[in-house]
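Visitor: One structure follows; several queries about it will come next.
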Amino acid sequence: MSSPAIPRRAQRLAELADRRFDLLVIGGGITGAGIARDAARRGLAVALVEREDFASGTSSRSSRLIHGGVRYLEHGYLHLVFEASRERRRLLDLAPHLVRPLRFTWPVYRGARVPRWKLAAGLTLYDALALFKNVGRHKRLGPDDVAALEPALERRDLRGGASYWDAATDDARLTLANAIDAAHASATVLNHVEVTALTFSSAHGPADGAIVRDRIGGQELRVQARVVLNAAGPWTDEISRMEDGAARPAVRGTKGVHIAVPAARVGNSAAVTMLSPDDGRVMFTLPSGTHTIIGTTDTATTEHPHEVRAARADVRYLLSACNRFFPAARLGEDDVVSAWAGIRPLVARGNSGDPSSASREHAITHSPRGVLTITGGKLTTYRAMAEQCVDEAVRHLGIRTRPCDTYKVPLPGARPPARPDDRLLLAGLPWREQDVLHAVQEEMAESVSDVLIRRTTLAFETRDYGRTVAPHVASLMAKHLKWTDAGERTSVEEFARETDRIFSITP
Ligand SMILES: Cc1cc2nc3c(=O)[nH]c(=O)nc-3n(C[C@H](O)[C@H](O)[C@H](O)COP(=O)(O)OP(=O)(O)OC[C@H]3O[C@@H](n4cnc5c(N)ncnc54)[C@H](O)[C@@H]3O)c2cc1C
């Protein structure tokens, strides 16, 4: 059965002002989108508002892995690995168009911090915590086996290693699939709508909604809701301070950088787990079509989440690791196709030490005036986080709803099938004009940035971040969104500014 069409933006804005919602979700990253979907499917009246675009924050800057979290074993977070492994299995089943198995090779060199015996023990535990239901079990490898799987890896001092399985996704499209399904389940879902203030029933009463601003049309609206939920990721504390200017920070942000380089230069055949030669941290070399993505860093930061970007030192750190493991790559800064950064919205309480060993668990709290806040977590565990958060909201509402069903209902969000007359946007990349039209008609894309950065990943994959095709994309969109010539130009200019903001490297 096909899903109902998502109402047009004007109608959704009118609903936002007219309906009284059970739940207002602030933030359209994976956390907020997952919560909106779960709550709407249980029958709650839900509004989801996102200041920019769905996944424009951390949820489009991840390593794009749906993983048990092999490195959390070292820190003893076994329950987190157990939960993440279960969610990985579910997402592989429920969203095969968005989540696919990915083989990792972990080479071990002489003197490595994690020797072969320890790696084998850890990966046996990794398989066990997945109840041996992962797509494949790990294999111990001798040096020749490692070289057969990943011939471009350094051979000198190679002692062997192991292969194991996790999964890869498209983080922005996974987020979008949840936002779309929330809308299909009657949630009022809007991107480019910003919460500017919270509202309260009386001077000291509980939160009862928010003032929002439509960043496209410019108008302000009051949204009424019985429960307000703060799922603003690294912006969580900004929302909390709308209730209490002196609220203690709930989030500790750590910065993670990735770079994309031409895959042909690295020569990896699948994913490779590396221990950084500089500080021994676990890092990855990940396949991504014609590119290889290298990441990530994990450092404390005071940068604002809107402005966070890769620094030259981050880029050098990543290149140095990759060159050590893949010596023929000889990558230099000029080989970097794109570099970007995101902020992990980690739970602040109890997480003051080394960023890499900080817990990825999540926390759900109530503010003094009843605002529910969710912090921490991972892309991988978003569905379980959403389930717990909606359980909490339902308790708060004191009503009965249908049970959670997101553990068994497939996610939408497949790309449209190719058509014979469809034109590529750029040679060598898999994006077509049909993707642009589909993004506008079915996926709430409102700007060139929405299409080139988050409905496709074209901006991450080209040296000019897709600026060559931006005018053409704008002209395709203009017909459907009834843009004027000036509107078309503005969207292209905004795209140039946004790609500058995301991809420029600070000295
Ligand atoms: C470098 C890096 C690599 C990672 N890799 C992985 C990985 O491979 N696998 C994994 O499982 N996890 C990974 N993670 C973790 C995962 O990406 C995050 O936990 C997750 O994306 C956080 O999502 P979120 O929805 O909480 O935050 P966000 O995605 O940042 O969403 C918050 C949203 O709130 C919106 N917002 C803010 N203020 C307002 C307002 N006033 N009104 C309306 N909306 C507002 C923002 O625009 C934003 O879109 C990684 C994280 C980083 C940084």
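The values are calculated or read from the model by the stated rules, or taken from the named source; none is laboratory data. The model shown is predicted, which means the values in this text are computed figures rather than measured ones. Note that we place each Cβ from the backbone using ideal geometry, even for glycine, and neighbour counts take in every protein chain shown.
Visitor: Which residues, taken from segment 238-270, are near the ligand (Cβ under 10 Å from one of its atoms) and more than 19 Å from the chain's Cα centre (by Cα)?
Guide: Glu238, Ile239, Met242
Visitor: What number of residues in segment 292-339 are of a type in the set (Lys, Arg) and under 17 Å from Leu275 (Cα atoms)?
Guide: 2
Visitor: Restricting attention to segment 147-170, report how many residues are out of contact with any strand residue (DSSP E or B) (no Cβ under 8 Å at 6 or more places or on another chain) and buried (at least 22 other Cβ atoms within 10 Å of the Cβ).
Guide: Qualifying residue count, segment 147-170: 1.
Visitor: Moving on to the next point. If I filter segment 461-468 for residues that are modelled with pLDDT of 95 or more and over 24 Å from the mean Cα position of the chain (by Cα), do I get at least one hit?
Guide: yes
Visitor: Now a separate question. Go through segment 64-83 and give me each residue that's within 12 Å of the ligand (Cβ to nearest atom) and either assigned by TED's automatic domain parsing to the domain that holds Gly377 or of a type in the set (Phe, Trp, Tyr) (or both).
Guide: Once the filter is applied, which keeps residues that are within 12 Å of the ligand (Cβ to nearest atom) and either assigned by TED's automatic domain parsing to the domain that holds Gly377 or of a type in the set (Phe, Trp, Tyr) (or both), segment 64-83 yields only Tyr72.
Visitor: Looking only at residues that are part of a strand (DSSP E or B) and of a type in the set (A, V, I, L, M, F, W, C) in segment 358-407, which one is nearest to the ligand (Cβ to nearest atom)?
Guide: This residue is Ile374.
Visitor: Same structure, new question: Has segment 410-422 got any residue that is of a type outside the set (Asp, Glu), more than 24 Å from the chain's Cα centre (by Cα) and under 29 Å from Val81 (Cα atoms)?
Guide: Checked against the condition, which is being of a type outside the set (Asp, Glu), more than 24 Å from the chain's Cα centre (by Cα) and under 29 Å from Val81 (Cα atoms), segment 410-422 yields no hits at all.
Visitor: Looking at segment 84-92, is at least one residue touching a Leu at 6+ places or on another chain (Cβ under 8 Å), within 11 Å of the ligand (Cβ to nearest atom) and under 30 Å from Glu303 (Cβ atoms)?
Guide: Looking through segment 84-92, none of the residues is touching a Leu at 6+ places or on another chain (Cβ under 8 Å), within 11 Å of the ligand (Cβ to nearest atom) and under 30 Å from Glu303 (Cβ atoms).
Visitor: Looking at Pro355, is it over 18 Å from the mean Cα position of the chain (by Cα), more than 16 Å from the ligand (Cβ to nearest atom) and not basic (Lys, Arg)?
Guide: Criteria not met by Pro355.
Visitor: Tally time: how many residues in segment 133-180 are part of a strand (DSSP E or B) and without any contact (Cβ under 8 Å) to a residue 24 or more places away in the chain?
Guide: The total comes to 0.
Visitor: Let me ask something additional. Suppose we keep only residues that are within 22 Å of Asp500 (Cα to Cα) and among the small types (Gly, Ala, Ser) within segment 469-488. Which one would you say is nearest to the chain's Cα centre (by Cα)?
Guide: Ala470
Visitor: So which residues in segment 196-236 are within 15 Å of the ligand (Cβ to nearest atom), surrounded by fewer than 21 Cβ atoms within 10 Å (Cβ to Cβ) and under 19 Å from Glu52 (Cα atoms), if there are any at all?
Guide: Thr196, Ala197, Ile211, Arg213, Asp214, Arg215, Ile216, Glu220, Leu221, Arg222
Visitor: Next question. Can you pull out every residue in segment 284-307 that is away from the ligand (no atom under 11 Å from the Cβ) and in a strand (DSSP E or B)?
Guide: Thr285, Pro287, Ser288, His291, Thr292, Ile294, Ala300
Visitor: Right, here's the next one. Based on this model, can you work out whether Glu333 counts as loosely packed, with under 15 Cβ neighbours inside 10 Å and farther than 26 Å from Ser201 by Cβ?
Guide: Here the answer is yes, as Glu333 does meet what is asked.
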